1. For Cys314, only one of the following conditions fails: (1) within 20 Å of the chain's Cα centre (by Cα); (2) without any contact (Cβ under 8 Å) to a residue 24 or more places away in the chain. What is its number?
2. Listed residues Phe369, Phe327, Phe338; which is open to solvent by 20 Å² or more (accessible area, probe 1.4 Å) and under 20 Å from Leu251 (Cβ atoms)?
3. Any idea which residue in the stretch 68-93 is surrounded by the most Cβ atoms within 10 Å (Cβ to Cβ), counting only those that are under 24 Å from Leu473 (Cα atoms) and of a type in the set (Val, Ile, Thr)?
4. Quick one: in the stretch 15-25, of everything that is open to solvent by 10 Å² or more (accessible area, probe 1.4 Å) and either of a type in the set (Phe, Trp, Tyr) or under 19 Å from Arg131 (Cβ atoms) (or both), which residue is modelled with the lowest pLDDT?
5. Scan the stretch 443-451 and tell me whether some residue there is in a helix (DSSP H, G or I) and either touching a Lys or Arg at 6+ places or on another chain (Cβ under 7 Å) or not hydrophobic (A, V, I, L, M, F, W, C) (or both).
6. Right, Phe327: part of a helix (DSSP H, G or I), under 29 Å from Gly138 (Cα atoms) and out of contact with any Cys (no Cβ under 6 Å at 6 or more places or on another chain) or not?
7. When you look at Phe103, is it surrounded by 15 or more Cβ atoms within 10 Å (Cβ to Cβ) and aromatic (Phe, Trp, Tyr), yes or no?
8. Does the stretch 399-456 hold any residues that are among the polar types (S, T, N, Q), more than 20 Å from Gly340 (Cβ to Cβ) and touching an Asp or Glu at 6+ places or on another chain (Cβ under 9 Å), and which are they?
Amino acid sequence: MLNFRPILLTVGILLTTLALGMLVPAAVDGYLGHHDWSVFLASSAVTMFAGLLLILGNRVSVHRLTVRQAFVLTTLSWVAVVLFAALPFIFSKLHLSVTDAIFESVSGLSTTGATVIVGLDNAPPGILLWRALLNGLGGVGIVVMALAVLPVLRIGGMQIFRMESSDKSEKALPKTAQLASAIVGVYLLLIVLCALGLWFAGMSLFDSVAHAMAAVSTGGFSTKDASLGFYDNPVYEAILVVFMISGALPLTWYLRTAQKGWRGARDSQVSTFFSVLGTSIAVVAVWRWLSSDMSFFESLRHATFNVTSIIVDCGFVSIDYGTWGSFAIAAFILFTFFGGCTGSTTGSIKIFRWQILFRAIKRQLVLMFQPHRVVDLRYNGQSYSDDVIVSVVTFVSVYLITFGFLTVLVSLFNVDLLTSASAVSAALAGSGPGLGPIVGPSGTYQPLPDAVKWILSCAMLLGRLEIFTILVLFNPQFWRD
């Protein structure tokens with residue numbers, strides 16, 4: 001029988017951490033004289049009580065979790081944190097419904113950036129800061145999970161990035177604890193640098209901090225309804241592009257670069273990511289320039305910001321690109337399936353899986369006319385086996401099947417096809433806005449039926465937890481000893 005005590009202990013620790021995080025917006029609201037400080041304080045007390053109850057009732061010595069425990073912990077911890085993180089949204093001045101509060105909480109922690117809140121420009125400061133903190137916590141949380149849990153679970157080919165290798169030279173730092181603390185340090189440093197850059201460029205300190213957390217986490221929550229379109233400032237956009245990209249790179253890559261230099265830290269997925277991003281920006285910029293009266297600089301500016309935002313699954317927008325025509329609509333839906341690098345804060349399928357998939361296709365084409373040829377499978381100079389290809393192909397297949405199934409499911413609630421498909425793709429990828437007049441760059445998810453919001457909330461969790469982490473729990477064999 002599965003031992004739940006270590007799982008519940010860990011969930012309790014996460015809830016107490018979340019409770020401490022709620023004190024930050026409570027302090028800000030209190031300092032600014034907004035009465036919502038009591039909402040955050042009460043939410044913190046409830047969350048802290050639940051966390052301490054789990055800790056005190058499950059005090060055990062945890063040396064190592066089994067694979068089954070890791071699967072359950074990964075899903076249960078995210079669900080628990082999402083539920084308690086929704087409390088401030090329910091009881092604050094916004095008075096969101098339970099459905100909307102859960103949606104906003106899932107969107108923040110999964111760093112999706114989709115929102116049901118209308119009137120962000122006049123929203124309480126504590127709520128705006130809480131949304132940014134959820135992005136920040138979710139961003140670093142997914143990186144730790146991607147490096148520490150998913151490789152052990154062999155999900156979608158991520159065993160390539162398993163840190164517990166017998167070859168210690170492959171570790172960015174010799175111990176997992178040191179690695180985790182170094183990753184958090186790099187993550188926080190990027191947020192600080194982004195916030196300072198925006199502040200020095202003229203943005204208010206509050207908005208700078210909020211947008212910095214949303215950019216590095218590729219979460220996309222803004223303090224304005226119009227997102228970056230509110231500022232219409234190319235300097236702000238340029239700074240955020242740099243830090244959205246920084247969040248899309250493996251955080252361990254920064255550590256390797258500091259230790260080994262640029263050449264020693266070369267990573268195949270990083271160079272491929274920049275190639276894909278640069279090509280996508282160039283194509284959209286040139287097409288927009290030739291098909292409109294927009295100047296080349298304006299075309300390049302908006303293409304760079306919005307294409308980067310969607311490819312890295314951030315969700316910031318500077319202009320309603322949904323009005324650019326059918327080519328732009330098709331391109332931006334396609335971009336949601338790209339993602340950044342593994343070990344980054346991004347979601348979606350991710351670059352390394354596309355690399356493995358296309359290499360597998362290339363090998364298959366070679367073997368069709370040279371069946372006895374031995375094709376060496378290598379990634380970043382290391383050989384990998386066919387089980388990695390099987391994992392990647394299976395993941396991509398299930399991802400696309402899930403996308404199709406959920407799109408049909410959403411459309412059953414009288415939602416048009418463009419809205420259904422773009423909303424589901426954005427939810428699975430964590431890329432924020434969809435397309436169309438409802439959930440497009442200039443809209444919100446508020447008008448959607450509650451049933452659709454629950455479906456999209458599940459989609460956000462499915463995408464963020466790499467699908468199989470949740471699906472395996474519905475397999476009866478998983479629960480058998």
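The values are calculated or read from the model by the stated rules, or taken from the named source; none is laboratory data. These figures come from a predicted structure and were not determined experimentally. Every residue, glycine among them, receives a Cβ derived from its backbone with ideal geometry; neighbour counts consider all protein chains shown. Only protein heavy atoms, including side chains, enter the accessible area calculation; ligands, DNA and RNA are left aside. Shrake-Rupley method; radii C 1.70, N 1.55, O 1.52, S 1.80 Å.
1. With (1) within 20 Å of the chain's Cα centre (by Cα); (2) without any contact (Cβ under 8 Å) to a residue 24 or more places away in the chain applied to Cys314, the lone miss is (2).
2. Details: Phe369 fails: under 20 Å from Leu251 (Cβ atoms); Phe327 fails: under 20 Å from Leu251 (Cβ atoms).
None of the other options fit; the residue is Phe338.
3. Val82
4. Thr17
5. Taking the stretch 443-451 first, the residues in a helix (DSSP H, G or I) are 450-451.
From what's left, either touching a Lys or Arg at 6+ places or on another chain (Cβ under 7 Å) or not hydrophobic (A, V, I, L, M, F, W, C) (or both): 450.
Taking every residue of the stretch 443-451 in turn, at least one turns out to be in a helix (DSSP H, G or I) and either touching a Lys or Arg at 6+ places or on another chain (Cβ under 7 Å) or not hydrophobic (A, V, I, L, M, F, W, C) (or both).
6. Numbers: part of a helix (DSSP H, G or I): yes; under 29 Å from Gly138 (Cα atoms): no; out of contact with any Cys (no Cβ under 6 Å at 6 or more places or on another chain): yes.
Here the answer is no, as Phe327 does not meet what is asked.
7. Values: surrounded by 15 or more Cβ atoms within 10 Å (Cβ to Cβ): yes; aromatic (Phe, Trp, Tyr): yes.
Taking the combined requirement at face value, the residue satisfies it.
8. The answer is Ser442, Thr444, Gln446.
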